[in-house]
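Engineer: Below is the structure I would like to discuss, written out as structure tokens.
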Amino acid sequence: MSLLSRALPALRLYCIGLAVALHQLLRRLRPGGPPAPVFPTQNGNVAIVTGGAKGIGYHTVKHLARLGMHVIIVEFLHCDLASMKSIRQFVQQFRAKNCPLHVLVNNAGVMLVPERKTEDGFEEHFGLNYLGHFLLTNLLLETLKQSGTRSRNARVITVSSATHYVGRLHLNDLQSRCSYSPHGAYAQSKLALVLFTYRLQHLVTADGSHVTANVVDPGVVNTELYKNVCWATKVVKWMTAWLFFKTPEEGASTSIYAAVSPELEGVGGIYLYNEQRTKSTDVSYDEELQRRLWTESCKMTRISDVGSRDL
């Protein structure tokens, strides 16, 4: 792998990160600003939040619980040895309780890890950030369909990031075996989450199900995700995060909005940033690419490919 091919993904990722951080600073310095939204109580509705023990996930859980929602925290996707088997075991246990599911927040993830694999042999960014959520959502989809109603749809919220704008999806090398770049692998996993969300919304709409799927961008947030960056970046972050970065609580705001806002009732297939509908990268709207990624993901996770055709 050439030095240039290693440097380009990192350069793209840091450029988009800098642009978002500057935008956040300008937004923070702007006088006034919209008031914090007030959401309706959730009356014991059930939510599952992956990676809900810390960072953005923790504040998502905290706020949903304050609204009266019963929240289940799922942490196996955040472990180095996460496996498809553990995901299936969790879903079996959840189903055995005959519990409804009104909101699923796919939040857990890793960033810029060195080249390594999950227990199932998947490249870690693609396996943890994307495939785990793909499998979990599909295994819980029937429960979500049963829980949603015409007046109150069940919701799937998936956390991506602005790095998806510089992501490149390599369908012939999703595991980054040919040339590994932690920056490129991370951006690819975040692009895959956007493509997955749009395909999922297409399928549930065609099926007539009362389920919506949206993808959110939390912004540049001061969390533990940066533990794998180089020491120089850590120093810069330590010196500037207070000014340029969102707090984890601020980063959770769009996930919470997507999960409970009445304004999004029945609205799916959109990308949200700062609680606003935003255009994702052009390639994310490529329906053929969405379908092909879905089909390949089904093969990897060994589930039935209902998404290979329009229902």
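The values are calculated or read from the model by the stated rules, or taken from the named source; none is laboratory data. Note that the structure is predicted; figures quoted are calculated from it, not measured. Cβ placement follows ideal geometry from the backbone for every residue including glycine, while neighbour counts extend to all protein chains displayed. Quick note on the areas: whole protein, heavy atoms, side chains included, nothing else; ligands and nucleic acids left out. Shrake-Rupley method; radii C 1.70, N 1.55, O 1.52, S 1.80 Å.
Engineer: Is it the case that some residue within the stretch 77-93 is touching a residue at least 40 places away in the same chain (Cβ under 8 Å) and under 15 Å from the mean Cα position of the chain (by Cα)?
Structural biologist: Looking for residues that are touching a residue at least 40 places away in the same chain (Cβ under 8 Å) and under 15 Å from the mean Cα position of the chain (by Cα), one finds at least one in the stretch 77-93, hence yes.
Engineer: Out of all the residues in the stretch 118-139, which are more than 16 Å from the chain's Cα centre (by Cα) and modelled with pLDDT of 95 or more? Talk me through it step by step, then tell me what you get.
Structural biologist: From the stretch 118-139, those more than 16 Å from the chain's Cα centre (by Cα) are 118-123, 139; that's our starting set.
The answer is Leu139, and nothing else.
Engineer: Still on this model: Of all residues in the stretch 140-166 being among the small types (Gly, Ala, Ser) and in a helix (DSSP H, G or I), which is farthest from the chain's Cα centre (by Cα)?
Structural biologist: Keep residues of the stretch 140-166 that are among the small types (Gly, Ala, Ser), which gives 147-148, 151, 154, 160-162.
Filter once more, so that each one left must be in a helix (DSSP H, G or I): 147, 162.
On the way: Ser147: 22, Ala162: 11 Å.
This residue is Ser147.
Engineer: Which residues, counting only those in the stretch 229-255, are open to solvent by 60 Å² or more (accessible area, probe 1.4 Å) and touching a helix residue (DSSP H, G or I) at 6+ places or on another chain (Cβ under 8 Å)?
Structural biologist: Taking the stretch 229-255 and keeping what is open to solvent by 60 Å² or more (accessible area, probe 1.4 Å), we get 230-231, 234-236, 238-239, 242, 247, 249-250.
Matches in the stretch 229-255: Lys234, Glu249.
Engineer: For the stretch 149-194, enumerate the residues that are of a type in the set (Lys, Arg) and under 27 Å from Thr60 (Cα atoms). Outline the logic, then answer.
Structural biologist: Kept after step one, since they are of a type in the set (Lys, Arg), are these residues of the stretch 149-194: 150, 152, 155, 168, 177, 190.
Once the filter is applied, which keeps residues that are of a type in the set (Lys, Arg) and under 27 Å from Thr60 (Cα atoms), the stretch 149-194 yields Arg150, Arg152, Arg155, Lys190.
Engineer: Here's a follow-up. Take Asp207 and decide whether it is charged (D, E, K, R), closer than 30 Å to Ser151 by Cα, open to solvent by 10 Å² or more (accessible area, probe 1.4 Å) and out of contact with any Asp or Glu (no Cβ under 9 Å at 6 or more places or on another chain).
Structural biologist: Values: charged (D, E, K, R): yes; closer than 30 Å to Ser151 by Cα: yes; open to solvent by 10 Å² or more (accessible area, probe 1.4 Å): yes; out of contact with any Asp or Glu (no Cβ under 9 Å at 6 or more places or on another chain): yes.
Spelling it out, Asp207 is indeed charged (D, E, K, R), closer than 30 Å to Ser151 by Cα, open to solvent by 10 Å² or more (accessible area, probe 1.4 Å) and out of contact with any Asp or Glu (no Cβ under 9 Å at 6 or more places or on another chain).
Engineer: Return the only residue of Val229, Val166, Val211, Val220 being touching a Cys at 6+ places or on another chain (Cβ under 8 Å) and touching a residue at least 12 places away in the same chain (Cβ under 8 Å).
Structural biologist: Values: Val229 fails: touching a Cys at 6+ places or on another chain (Cβ under 8 Å); Val211 fails: touching a Cys at 6+ places or on another chain (Cβ under 8 Å); Val220 fails: touching a Cys at 6+ places or on another chain (Cβ under 8 Å).
Only one candidate passes the filter, namely Val166.
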